[in-house]
Every structure is written in structure tokens, then in C-alpha cells.
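The values are calculated or read from the model by the stated rules, or taken from the named source; none is laboratory data. Just so it is clear, the structure is predicted and the values come from calculations on it, not from any experiment. Here the Cβ is made from the backbone with ideal geometry for all residues, glycine too, and neighbour counts use every protein chain on show. Surface accessibility is based on the protein's heavy atoms, side chains included, excluding ligands, DNA and RNA. Shrake-Rupley method; radii C 1.70, N 1.55, O 1.52, S 1.80 Å.
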Amino acid sequence: MEEWLVEHKIPLGVWIKSAIEFLEENASLFFDLVKDGLGSLIDSFTALMLLVPVWALIAIFVGLTYALHRSWRLVALVLISMIVIVNQGYWAETIETLSLVTCATLVCVIIGVPIGIAAAHRPWLYAVLRPVLDLMQTIPTFVYLIPTLVFFGLGVVPGLISTVIFALPAPVRLTHLGVSAVPPALIEAGKAFGATNRQLLWKVEIPYAMPTIMAGVNQCIMLSLSMVVIAALVGAGGLGKPVVRALNQVNIPMGFEAGLCIVLLAIILDRVCKQPVARRKD
């Protein structure tokens, strides 16, 4: 039976290869436009942040942290973490990573939140999306690096696209969860006051679901940051590049220094983005 099944193998790989070749031949203009647009966006954002002096940018981050949280302990954590990153000599790489994470998160939010809202109002849509989201989260990232390399070539764009594929399910799922969890009594109260469907969405459902939606955004940021090293394998810059170089050269100091900077950036982003939501919820 096993030999018969192997002999009658379903040529999934051949079909996917044919589909990729078809898209490459017939949609190359579209992929070029996407590559140029996203590449210019990330490069411009990175160049703009690098134009600002290091200490001025640190002061901006520290001031923003205090304005959001009013916590001197968190301000001290952000300040010390950024000073350590500068001390290790990875400030430019950190800014490149921050640009990639920011752009990936924006793309995921722009796409994922509306899809999550639509899925919350249409159960059949979420039933269709669920296996797709499971596939996006569980398939090894190196598998979809191959088609992104074919379509977009080496550079930051295939890293961004792969990061979006990996991180997109988080805002979709948590937006769906938040909107679906709105109590029917609130919906009925809104309808009793004559609210339209649009008013119910913007004045009842989204405000109630906002803590859950923001939790999805926070998860999206963390998932995007976890893709830094993998994105470096396809030409993206940032902190993943020295990690990959250290792996190839078995350079322990470089690997641990770059890895420490990734950890510090993750702590900063997690604390700054997550805690205001928790405070509002309490």
C-alpha cells in the first residue's frame, strides 16, 4: 500500500511551482511596483530616523514613554536599554530593525483589523479563514521565503512580506475575538437609541474590543521582531544581519551582543505598547 501511494503521489510541489512561474511571468509588473513601493517606504523611514541625532531620538522615545505611562521606572528602563544598544555599537542596525517591525505592523493592522471585523460579523468568513490562518502560523517560514525571493528578489521587501505572512494572523484572530465578545445587551441598547450599523461599529463594538485589538497589535509587533534573523537571510538589514554573520563565522561575542540588542528592543516595544492597554482595562 505504501509503495502504491508513493507511485501515485499527488504532485503538489509541481502544481505550486507552476503557479509561481505563472505569476512570475504574468504579474511581474505588479511585483516590481510592490517591491519599489515598500522598499522606498522602509528606506525613507529608516533614513529619516537616522538623520535625527542619537541622543535626540533617545530623548523623543523617553518623552513618549513618559507621556504614555507616567512611570519613571519604565522611563529608566527605556533609557538604560537604549544606552546599552548605543554602547554596543548597534544603533543603526536597531533603527533598521525598528523600521522593518513598524512597517510590518502597519501593514498587518491595515489588513488584519478590517478582516477580523468582517469575520466577526460573518461567521462563515471566519470558518473559511481559520484554516488559512492556521497554515500561515504553522508552515515553516523558510517555505514561503522561497516564493517571496522569486517574486521580489533579495532585499528588505521579501523579509517584510514574510514577516507580514507570519504576523498577520494575530491581529485577525484577536480583532475577531474582541468584536465577537461584545455583549448583545450593548448592541441592543445601541439599536434602541437608533444607531446605524456604522455607528454601532465605531461607537460600541470597536471601543469595547479596543483592549483586545491592541493586544493583537502587541502580539504582531513581537512576532515581527521574532522574524528579524530570518529576514536577514534574504537580504534584510538590521540586527538580524550581525546574528547571521556571527553564526557563519562562529563569532560568539558578535552573536551575543546583537542578540542582546534584539532582546532589549523587544522589551522596550513590549512594555511601551502593552501596559497602557492593561491600565485602561483595569
From the list 217, 179, which one is in contact with a Phe, Trp or Tyr (Cβ under 9 Å, 6 or more places away or on another chain), of a type outside the set (D, E, K, R) and farther than 26 Å from residue 154 by Cα?
-> 179
Check every one of the helices (runs of 4 or more DSSP H) wholly within segment 1-73 and list those with 2 or more residues that are within 22 Å of the chain's Cα centre (by Cα).
-> 28-51, 54-69
Residues (surrounded by fewer than 18 Cβ atoms within 10 Å (Cβ to Cβ) and more than 21 Å from residue 168 (Cα to Cα)) located in segment 202-214 | 202, 203, 207, 208
Any idea which of 132, 143 is over 15 Å from residue 230 (Cβ atoms) and surrounded by fewer than 14 Cβ atoms within 10 Å (Cβ to Cβ)?
-> 132
Test residue 148 against the stated conditions and say whether it is hydroxyl-bearing (Ser, Thr, Tyr), closer than 17 Å to residue 219 by Cβ and either open to solvent by less than 60 Å² (accessible area, probe 1.4 Å) or modelled with pLDDT of 85 or more (or both).
-> no
Candidates 112, 89, 63, 39, filtered to the one that is over 26 Å from residue 271 (Cβ atoms) and either of a type in the set (Gly, Ala, Ser) or modelled with pLDDT of 90 or more (or both) | 39
Would you say residue 104 is assigned to a helix (DSSP H, G or I) and open to solvent by 10 Å² or more (accessible area, probe 1.4 Å)?
-> no
Odd one out for residue 165 among (1) more than 26 Å from residue 26 (Cα to Cα); (2) without any contact (Cβ under 8 Å) to a residue 40 or more places away in the chain = (1)
Can you find a residue in segment 43-66 that is touching a Lys or Arg at 6+ places or on another chain (Cβ under 9 Å), among the polar types (S, T, N, Q) and farther than 20 Å from residue 156 by Cα?
-> yes
Flagged in segment 245-264 as farther than 24 Å from residue 221 by Cβ and open to solvent by 30 Å² or more (accessible area, probe 1.4 Å), in numbering order, are 245, 247, 248, 249, 250, 251, 252, 253, 254
Exclusive hit being at pLDDT 90 or above, on the phi < 0 side of the Ramachandran plot and surrounded by 18 or more Cβ atoms within 10 Å (Cβ to Cβ), set 163, 175 | 175
Which members of segment 5-60 meet the condition of being in contact with an Asp or Glu (Cβ under 9 Å, 6 or more places away or on another chain) and more than 20 Å from residue 96 (Cβ to Cβ)?
-> 31
Pairing a residue in segment 242-271 that is among the basic types (Lys, Arg) with any residue that is open to solvent by 60 Å² or more (accessible area, probe 1.4 Å) and part of a helix (DSSP H, G or I), where Cβ atoms lie under 8 Å and the two sit 6 or more apart in sequence or on different chains, gives 271/77
State yes or no: is residue 201 more than 30 Å from residue 157 (Cβ to Cβ), in contact with a Phe, Trp or Tyr (Cβ under 7 Å, 6 or more places away or on another chain) and either at pLDDT below 90 or not aromatic (Phe, Trp, Tyr) (or both)?
-> no
